[in-house]
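In what follows, a structure is listed as structure tokens, so that the remarks can point back to it.
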Amino acid sequence: MSERVRRVNDLIQEELGKIFLKEIDLPRNILVTITRVETVSNLSVAKVFISVIPDNQSERVFKILNRIIYHIQQLLNKCLNMRPIPKIVFHREDKTVQAAGVEQILEQLKKD
């Protein structure tokens, strides 16, 4: 990954975090975290990986995010001073679920 792509990933993650805090009205008692951003090398698309706690609310959160994705993209476009601005696409973060499963297995092994 080039240095520019890495910096763009960090910038998008930071700016989307601010947008999520200030602009998006998500249901109470749901924690939404942007775990990572992966932008393709030509900066046309940015995959934004989202973790939702509790996990059973993730489908609801993704419906909300995908319904207002155009508005989120517009807010991001205003924040970023670059061209081209990557099109954002939300993805569910599965690595956190896998990590939780590994931790449960390790805890079970400690008890045995």
Residues satisfying the stated conditions in segment 34-50, i.e. small (Gly, Ala, Ser), touching a strand residue (DSSP E or B) at 6+ places or on another chain (Cβ under 9 Å) and over 16 Å from LEU65 (Cβ atoms): SER44
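Would you pick out the residues in segment 77-112 that are at pLDDT 75 or above and either assigned to a helix (DSSP H, G or I) or farther than 30 Å from ASN42 by Cβ (or both)?
Within segment 77-112, the subset at pLDDT 75 or above is 77-94, 105-111.
ASN77, LYS78, CYS79, ILE105, LEU106, GLU107, GLN108, LEU109, LYS110, LYS111, listed by residue number.
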Cβ pairs under 7 Å, 6+ apart, first in segment 48-62 and in contact (Cβ under 8 Å) with a residue 12 or more places away in the chain, second aromatic (Phe, Trp, Tyr): VAL48/PHE90; ILE50/PHE90; PHE62/PHE90
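Out of segment 53-72, which residues are modelled with pLDDT of 90 or more and either surrounded by fewer than 18 Cβ atoms within 10 Å (Cβ to Cβ) or not in a helix (DSSP H, G or I) (or both)? Please lay out each step first, then the result.
Applying the first criterion (modelled with pLDDT of 90 or more) to segment 53-72 yields 59-72.
Within segment 53-72, GLU59, ARG60, PHE62, LYS63, ILE64, ASN66, ARG67, ILE68, ILE69, TYR70, HIS71 meet the criteria.
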Enumeration of residues in segment 37-46 that are part of a strand (DSSP E or B) and either aliphatic (A, V, I, L, M) or over 19 Å from ASN77 (Cα atoms) (or both): VAL37, VAL45, ALA46
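Yes/no matrix, rows are residues, columns are (1) assigned to a loop (DSSP other than H, G, I, E, B); (2) surrounded by fewer than 16 Cβ atoms within 10 Å (Cβ to Cβ):
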position	(1), (2)
GLN13	no, no
ASP25	yes, yes
ASN29	yes, yes
THR35	no, yes
VAL48	no, no
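The values are calculated or read from the model by the stated rules, or taken from the named source; none is laboratory data. Just so it is clear, the model here is predicted, and its values are computed rather than measured. Glycine gets a Cβ as well: all are built from the backbone with ideal geometry, and neighbour counts include every protein chain shown.
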